[in-house]
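What follows draws every value from the coordinates through simple rules; no lab data is involved. This one's a predicted model, so the numbers in the text were calculated from it and none came from an experiment. With ideal geometry, Cβ positions are generated from the backbone for all residues, glycine too; neighbour counts draw on all protein chains shown.
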C-alpha cells in the first residue's frame with residue numbers, strides 16, 4: 001500500500017500499470033543529497049496543526065514538517081558519515097518593491113501582507129535542527145526548482161555526481177520542480193518519502209505518485225540509508241573539505 005493508492009481510481013491504476021510506468025531506476029554510484037526549502041517559512045517555528053501555523057507563516061506545512069525533520073536528520077547523518085555532498089536550497093528575501101518576486105504574488109491572496117513569522121526566526125533560515133555545516137553548499141533561489149537560475153547543475157557536474165537524493169518541501173511544488181529538472185539533466189533521481197512533506201495531503205501523495213511513475217524512485221528512509229552506508233567514503237574528498245562539517249573537539 002503506497003501513500004497515493006487511496007487517491008487513485010481503478011482506471012488510473014490500470015492505465016499506469018499497462019503503460020509500464022513506475023519502473024525502479026535504481027541508485028547510481030556517486031550520490032549527493034538535496035534538501036529543498038526546509039526553512040521556517042515552510043515549517044513554522046514549532047510543531048502545530050497547519051491551520052494554526054499558517055496564521056503566522058502563510059507557507060507553512062505545519063506538523064507534517066516537524067514529523068519529517070527527524071527523518072531528514074537521519075538522512076543527513078548517514079550522508080555525512082559517508083562524506084557525501086549535501087546541498088540545501090532556500091528562498092531569498094525580495095527587494096523592498098517586490099519586483100524580483102515575479103509571478104509569486106499573482107497566485108496568493110496573502111502575498112502582499114507584511115512579513116510573516118515570529119521574532120527570532122528568519123523565514124528563509126533553514127530549520128536549526130537540520131542546519132547546514134560549513135562543508136555543505138547552500139543554494140538561494142527565487143523560483144521553485146533548485147536548478148532554475150542557480151549554479152546547482154554546474155556544481156553537480158563538476159563533482160561528477162550521477163545520483164540525487166532529494167527531500168524537503170513542498171512535495172508538489174519545489175521538490176517536484178527540482179526533481180523534474182534533475183531528471184532533465186539525466187541525473188538518477190530518488191525522493192525519500194518520509195523526508196518530504198506538503199501542506200496538502202492529496203497534493204503530497206499525488207506528487208509522489210507522479211514522480212515515482214515518470215521521473216524518480218520514491219524510496220524509504222531505510223533503503224536510502226542502507227545505500228548511503230554502502231557508498232565508498234572518499235569519493236569527493238579531493239574537492240570538498242568534509243572536516244569543516246565536523247563539530248569541534250573539546
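Annotations for the structure displayed:
- Gain upon complete extension [residue 229, residue 140; 0.36 nm per residue less C-alpha separation]: 29.1 nm
- Estimated purely from DSSP H runs of n ≥ 4, each contributing -39500 (n - 2.57), the mean residue ellipticity at 222 nm for the chain is -9000 deg cm²/dmol once divided by its residues.
- Shown for 61, 43: other C-beta atoms within 10 Å of each C-beta, ranked fewest to most, produce the order 61, 43.
- For the chain, the spread of Cα positions along each principal axis, largest first, Å: 59, 48, 32
- Linear extension gain, residue 94 paired with residue 18, 0.36 nm per residue minus alpha-carbon span: 22.7 nm
- Rel. contact order, % - alpha carbon contacts under 8 angstrom, at least six apart, the chain: 28 percent
- Residue of 193, 201, 140 that the Gaussian network model of the chain assigns the largest fluctuation, springs spanning Cα pairs under 10 Å: 201
- Fewest-first sequence of 54, 35 by Cβ atoms within 10 Å of each Cβ: 54, 35
- Choice from 97, 237, 222 with maximal GNM fluctuation in the chain (Cα, 10 Å cutoff): 97
- Sites residue 9 and residue 111, calculated FRET efficiency, Cβ-Cβ separation with R0 45 Å, nearest 0.05: 0.85
- Centroid-to-centroid separation of the range 80-134 and the range 191-246 [C-alpha atoms, Å]: 20 Å
- Efficiency of FRET between residue 51 and residue 222 - r from beta-carbon atoms, R0 25 angstrom, step 0.05: 0.20
- Model label points for residue 158 and residue 29, set 7 angstrom from Cα along the Cα-to-Cβ axis, are 2.4 nm apart.
- Max mean-square fluctuation residue, GNM over the chain, Cα-Cα springs under 10 Å, options 70, 85, 144: 70
- Length added when fully stretched, residue 151-residue 185, from 0.36 nm per residue minus Cα-Cα: 10.9 nm
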